[in-house]
Amino acid sequence: MRRTKEEAAATRDSILDAAEKLFVEQGVSRTTLQHIASAAGVTRGAIYWHFDDKGALFNAMMERAILPFECALNVLGEADEANVLEDLRAFLVNIFRVTETDPQARRVFEISSLKVEFVSEMDAVRVRRSQNQAEWMAQVEERLELAQESGLVRKDVQPQVFALGLWAMMDGLIRTWMFEPGAFGLVETGDQLIATMLEGIRTK
């Protein structure tokens, strides 16, 4: 029985691995279950044994991966008044670092950002992205408000607006880098942009 469960788990993983690879290469809509079955070396019946349809398979692939913005949240510690802006910068740069160094996080981010249409069964991706953004922005806003209370950030800065600007810059920079990774270093360029943006809101 244990052997059977291990084999079933291995088959499921191989299906997800094949789907992830194909979704990156040719997009979600152009990838059929037959494509995935052939790439995984299994039958379509094996896929249906594990997943109800392509939407369920896609969602399972998303669920097993930790995206760059989520990885950063997992390592974010308690806010510290004395070093809040330095901690925020390190937290933000870590998102670029995960994207550049974690192949699976990068692939799944690319699929969910560039290779899928947010329709019907794929709507779970849009929901997850929205939840990630809300949680991420709440963390950034909290630290910006603390920095204001500590006199490190100007009082006229609106934390919610600035956090949204950071999100848009980072999300756009990652997408740009994915189109041509060799064009620039994501961590180095991202760190420079974040440092410039944070410097612009510091008290003089």
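Evaluating Gly55 against the criteria (1) open to solvent by 40 Å² or more (accessible area, probe 1.4 Å); (2) farther than 28 Å from Leu166 by Cα; (3) at pLDDT below 85 leaves one unmet condition, (1). As a summary of the residue check, Thr31 satisfies the conditions (1) modelled with pLDDT of 85 or more; (2) surrounded by fewer than 17 Cβ atoms within 10 Å (Cβ to Cβ); (3) closer than 16 Å to Ile111 by Cβ except for the one numbered (2). Residues of the range 174-197 that are farther than 28 Å from Ser112 by Cα and modelled with pLDDT under 95: none at all. Say whether the condition of being acidic (Asp, Glu) and either in contact (Cβ under 8 Å) with a residue 40 or more places away in the chain or touching an Asp or Glu at 6+ places or on another chain (Cβ under 6 Å) (or both) is met by at least one residue in the range 12-26. Yes, the conditions are met somewhere in the range 12-26. If you go through the range 84-134 and pick out every residue that is β-branched (Val, Ile, Thr), farther than 18 Å from Ile174 by Cα and open to solvent by 60 Å² or more (accessible area, probe 1.4 Å), you end up with 1. Pick from Gly182, Gly151, Gly172, Gly165: which is assigned to a loop (DSSP other than H, G, I, E, B) and either out of contact with any Gly (no Cβ under 9 Å at 6 or more places or on another chain) or surrounded by 12 or more Cβ atoms within 10 Å (Cβ to Cβ) (or both)? After applying the criteria, what remains is Gly151.
Among residues of the range 122-151 that are free of Cβ contacts under 8 Å to residues at least 24 places away in the same chain, those with a Cβ under 6 angstrom from a residue that is assigned to a loop (DSSP other than H, G, I, E, B), sequence gap 6+ or separate chain, pair up as Arg126/Phe118.
The values are calculated or read from the model by the stated rules, or taken from the named source; none is laboratory data. Note that the structure is a prediction, hence the values are computed from the model and not measured. Cβ atoms come from the backbone with ideal geometry, glycine included; neighbour counts cover every protein chain shown. The area values use the complete protein model at the heavy-atom level, side chains included, leaving out ligands, DNA and RNA. Shrake-Rupley method; radii C 1.70, N 1.55, O 1.52, S 1.80 Å.
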